[in-house]
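Structure, as structure tokens:
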Amino acid sequence: MQTHTTLAALRAQVRQWRREGASVGFVPTMGNLHAGHHALVDLARRHADRVVASIFVNPTQFGPNEDYARYPRTPESDINGLAERGCDALFLPPVEQMYPYGTMACVQMHVPGITDILDGLHRPGHFNGVAQVVARLFNMVQPDLAVFGRKDYQQLQVIRYMTKEMSFPVEIIPAPTLREADGLAMSSRNQYLQGDERQTATRIHQTLLFMRDAARQGLPIAGIEDQATARLEAAGFTVDYAEVRRSDLSRAKAPDEPGLLALIAARLGRTRLIDNLEFDGS
Ligand code: PAF
């Protein structure tokens with residue numbers, strides 16, 4: 001696996017593959033890679049001849065009181081894991097490569113509507129930063145397709161919207177959420193969980209299952225959301241939201257609508273966890 005820190009080197013590599021007639025798949029990450037990320041690489045590999053991953057902890061998607069500084073950075077093990085997985089190239093740009101005029105003077109992105117709800121409400125500016133960095137990465141890598149996890153469901157929708165609206169010639173491939181044996185969705189932030197918090201964190205998936213089952217039993221949406229919030233609070237969480245939404249993230253009206261999903265964001269100690277469950281999925 002080639003590791004590139006400059007855009008020129010990355011582009012030369014991708015151009016070479018294009019000359020050989022190879023298609024290019026892309027997996028953007030912020031590093032601290034786990035089995036969930038490796039599964040994204042596997043999925044990209046199934047759809048493309050060559051796979052590029054990127055590792056960039058993007059400062060513009062973190063709020064002032066969020067965990068940018070302490071976000072886990074593990075480049076060595078990440079590089080080894082990607083190479084073992086058969087990733088063809090890693091793009092590891094410094095901040096100056098991504099934001100040549102600095103993060104205060106960079107071109108802004110804003111995806112309207114969908115970024116004003118759920119995580120967008122609780123993390124103002126977060127999705128602007130995500131859209132901004134993903135647009136840059138698409139321009140830099142110029143992939144045929146890119147893989148994004150369904151765990152970050154709202155992020156996936158923001159990127160789909162942006163890609164379509166900006167006519168990026170990139171196919172967006174969603175990847176299923178990978179879970180630990182006890183149901184906890186894999187996430188780099190799980191390692192912040194202290195002591196009993198790791199066990200308590202499984203309540204998020206249990207609550208999502210409760211929300212799905214309650215919808216199947218016909219409980220009204222507001223009742224499902226209230227009960228889910230109460231369950232999480234009783235377990236010690238501070239709940240940002242526990243909601244049932246349609247697949248486009250508009251508000252659900254009735255529990256028997258097709259294509260519903262439940263989404264939760266909740267804090268346990270210093271750790272903010274998000275997860276979701278699509279009712280029609282497995
Ligand atoms: O999901 C992530 O890891 C990040 O939000 C992404 C898509 C790599 C953009 O920084």
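The values are calculated or read from the model by the stated rules, or taken from the named source; none is laboratory data. Keep in mind that what you see is a predicted model, and the values were worked out from it rather than measured. Glycine gets a Cβ as well: all are built from the backbone with ideal geometry, and neighbour counts include every protein chain shown. Please note that ligands, DNA and RNA were not included when accessible areas were found on the heavy atoms of the full protein model with its side chains. Shrake-Rupley method; radii C 1.70, N 1.55, O 1.52, S 1.80 Å.
Would you please give the FRET efficiency between residue 227 and residue 182, computed as 1/(1 + (r/R0)^6) with r the Cβ-Cβ distance and R0 = 22 Å, to the nearest 0.05?
Working from the Cβ atoms, E equals 0.50.
Note down the net charge around residue 2, summing +1 for each Lys or Arg and -1 for each Asp or Glu among other residues with Cβ under 11 Å from its Cβ.
Numbers: positive: 50; negative: 88.
Counting the neighbours of residue 2, the net charge comes to 0.
Taking a quarter of the surface of the Cα convex hull of the chain, what do you get in nm²? Walk me through the numbers before you get to the answer.
Values: hull surface 59.0 nm².
Projected area, direction-averaged: 14.7 nm².
Run the numbers for residue 121 and residue 165: contour at 0.36 nm per residue of separation, minus the present Cα-Cα distance, in nm.
On the way: separation 44, 0.36 × 44 = 15.84 nm, distance 2.22 nm.
Extending this stretch completely gives an extra 13.6 nm.
Within a Cβ distance under 11 Å of residue 20, other residues only, what is the Lys/Arg minus Asp/Glu net charge? The partial results should precede the final answer.
Details: positive: 15, 18, 19, 50; negative: 49.
Once all neighbours under 11 Å are counted, the net charge is +3.
Ordered by packing density, taken as the mean number of other Cβ atoms within 10 Å over each peptide's residues, highest first, how do 7-17, 128-138 rank? Intermediate results must be reported in sequence, preceding the final value.
Numbers: 7-17: 15.5, 128-138: 21.6.
Top to bottom by mean Cβ count within 10 Å: 128-138, 7-17.
Please work out the Kirkwood hydrodynamic radius for the stretch 82-215, using every pair of different C-alpha atoms, and report it in angstroms with one decimal place. Intermediate results must be reported in sequence, preceding the final value.
Numbers: mean 1/r = 0.0575 Å⁻¹.
After inverting the pairwise mean of 1/r, the radius is 17.4 Å.
Carbon and sulfur: what percent of the stretch 1-115's accessible surface (1.4 Å probe)? Don't skip to the end; give the middle numbers.
Values: 3040 of 5690 Å².
The C+S portion of the solvent-accessible surface of the stretch 1-115 is 53 percent.
For the stretch 15-156, state what percent of all Cα-Cα pairs lands in each successive 5 Å bin, counting from 0 Å until the bin that includes the largest distance.
2, 9, 18, 21, 21, 16, 9, 3, 1, 0
Taking 7 Å along the Cα-to-C-beta vector as the label spot, tell me the residue 217-residue 108 distance in nanometres, rounded to one decimal.
4.7 nm
Rounded, prolate or oblate: which one fits the stretch 175-240, using the alpha carbon gyration tensor with axes a ≥ b ≥ c (rounded when a/c is under 1.5, else prolate when a/b beats b/c, else oblate)?
Note, shape of the stretch 175-240 comes out oblate.
Using the alpha-carbon centroid of each, what span in Å lies between the stretch 205-257 and the stretch 16-41?
34 Å
Over the chain, what relative contact order in percent results from Cα pairs under 8 Å that are six or more residues apart?
On the way: 468 pairs, mean separation 46.7, N = 282.
Reported relative contact order: 17 percent.
I'd like the Karplus ³J(HN,Hα) series for the stretch 228-239: coefficients 6.51, -1.76, 1.60, θ = phi - 60°, whole numbers in Hz, and an x wherever there's a Gly or Pro.
For the stretch 228-239, the Karplus-derived couplings read 4, 4, 4, 4, 5, 5, 5, 7, x, 7, 9, 9 Hz, x marking Gly and Pro.
Give me the percent of the accessible area of the stretch 150-282 that comes from carbon and sulfur atoms, probe 1.4 Å, all protein chains in place.
Carbon and sulfur together cover 47 percent of it.
How high is the FRET efficiency from residue 253 to residue 96, r the C-beta distance, R0 41 Å, rounded to 0.05? Let's see the in-between values first.
Values: r = 49 Å, r/R0 = 1.18.
Plugging the Cβ-Cβ distance into 1/(1 + (r/R0)^6) gives 0.25.
Got a sec to turn the phi values of the stretch 145-151 into Karplus ³J(HN,Hα) couplings, 6.51 cos²θ - 1.76 cosθ + 1.60 with θ = phi - 60°, whole Hz, x for Gly and Pro?
8, 9, 10, 10, x, 6, 4
Would you pull out the residues with amide H under 5 Å of residue 58's amide H, same chain only if 5 or more places away, H placed 1.01 Å from N?
Amide H to amide H, under 5 Å and 5 or more residues apart or across chains, residue 58 pairs with nothing.
Net charge near residue 45, counting Lys/Arg +1 and Asp/Glu -1 over other residues with Cβ under 11 Å of its Cβ? All intermediate terms of the calculation are to be shown ahead of the outcome.
Details: positive: 46, 50, 85; negative: 42, 49, 88.
Charge balance near residue 45 sits at 0.
Under a 1.4 Å probe, what is the accessible area of the chain per residue, stated in Å²? Intermediate results must be reported in sequence, preceding the final value.
Values: 13180 Å² over 282 residues.
Accessible surface, normalised per residue, equals 47 Å².
If amide hydrogens are placed 1.01 Å from N in the peptide plane, which non-local residues have theirs closer than 5 Å to the one on residue 149?
Answer set, sorted by chain and number: 175.
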